[in-house]
Amino acid sequence: MCGNNMSSPAIIPAVRKATAAVIFLHGLGDTGFSWAEALTAITLPHVKYICPNAPTAAVSMNFGMKMTSWFNIFGLSEHSPEDEDGIKIAAESVKAMIDLEIRNGIPSHRIILGGFSQGGALSLYTALTTDQKLGGVIGLSCWLPLRNAFPEAAVNSPNKDIHVLQCHGEADPLVPLMFGNLTAEKLKTIVNPNNVTFKSYPDERHNSCSQEMLDIREFIEKLLPPIN
């Protein structure tokens, strides 16, 4: 992966024995620490939350400025070219994070992958291309990268029945609501359409809100119940 190596992730440990995990990827120019802070408000006692930090790299869309980035972004229009190699390399690094949690004793079906904006895009792409059967995936204010690479039916994917929670601000000026809607429609052709939930929030821009955080908590609670 280009740029510096990733620094250690921000981790919210489970209050009791961790029997499930959420891996959450931040957006462009952000860090895992800010999302760890946000997720602290909705933690569940048996769940471990891992918020990794992307490496620093030059981003074409931002005039080559160096910032934390999972892959390069050339533009945010429907016809912008995509960093195919970078996206695939980033997805492999996320799969390695999932493998690490599996080695730590948490089965993959007890792991939810999620992210915001660029991190949400990478989460969706990784969930649809990994051989690891995941507990669910969360995409906030994002899009599906390399969308034309997906067949209409991901017959061989262990995640063809994965539960997806997609959330989007209706007033998002950066990643327009239309991208969220198109992504949800595309996902319904790839995974079980009954398992795709799309929620939008009036007046919300390219950020998260308290209602969205409650919806995320409910999704995690439902898919990662405590094990006695």
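The values are calculated or read from the model by the stated rules, or taken from the named source; none is laboratory data. Quantities reported herein were computed from a predicted structural model and do not represent experimental measurements. Backbone-built Cβ (ideal geometry, glycine too); neighbour counts: all protein chains shown. These area figures cover heavy atoms from the full protein model, side chains too; ligands, DNA and RNA do not enter into them. Shrake-Rupley method; radii C 1.70, N 1.55, O 1.52, S 1.80 Å.
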Only one of (1) under 14 Å from LEU144 (Cα atoms); (2) aromatic (Phe, Trp, Tyr); (3) over 15 Å from the mean Cα position of the chain (by Cα) does not apply to TYR201, and that is (1)
Filter pass, PRO55 being in contact (Cβ under 8 Å) with a residue 40 or more places away in the chain and over 30 Å from LYS222 (Cβ atoms)
yes
Every listed condition ((1) touching a Gly at 6+ places or on another chain (Cβ under 9 Å); (2) crowded, with 19+ Cβ neighbours inside 10 Å) holds for ILE106 save (1)
Scanning region 109-144 for residues that are among the hydrophobic types (A, V, I, L, M, F, W, C), within 17 Å of PRO9 (Cβ to Cβ) and more than 8 Å from the chain's Cα centre (by Cα) gives ILE111, ILE112
Determine whether region 17-27 contains at least one residue that is closer than 26 Å to PRO176 by Cβ, touching a helix residue (DSSP H, G or I) at 6+ places or on another chain (Cβ under 7 Å) and hydrophobic (A, V, I, L, M, F, W, C). yes
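If you take the residues in region 158-177 that are buried (at least 22 other Cβ atoms within 10 Å of the Cβ) and aliphatic (A, V, I, L, M), which one is farthest from GLU212 (Cα to Cα)? Quick ask: steps written out before the conclusion?
Here is the first cut: in region 158-177, the residues buried (at least 22 other Cβ atoms within 10 Å of the Cβ) are 159, 162, 164-169, 175.
Subsequent filtering for residues that are aliphatic (A, V, I, L, M) retains 162, 164-165, 175.
Values: ILE162: 20, VAL164: 14, LEU165: 10, VAL175: 17 Å.
Selected residue: ILE162.
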Per the filter on region 57-92, residues in a helix (DSSP H, G or I) and open to solvent by 30 Å² or more (accessible area, probe 1.4 Å) are SER60, MET61, ASN62, GLU84, ASP85, LYS88, ILE89, GLU92
- request: Report yes if some residue within region 192-213 is surrounded by fewer than 14 Cβ atoms within 10 Å (Cβ to Cβ) and either under 18 Å from THR126 (Cβ atoms) or touching a residue at least 40 places away in the same chain (Cβ under 8 Å) (or both); otherwise report no.
  value: no
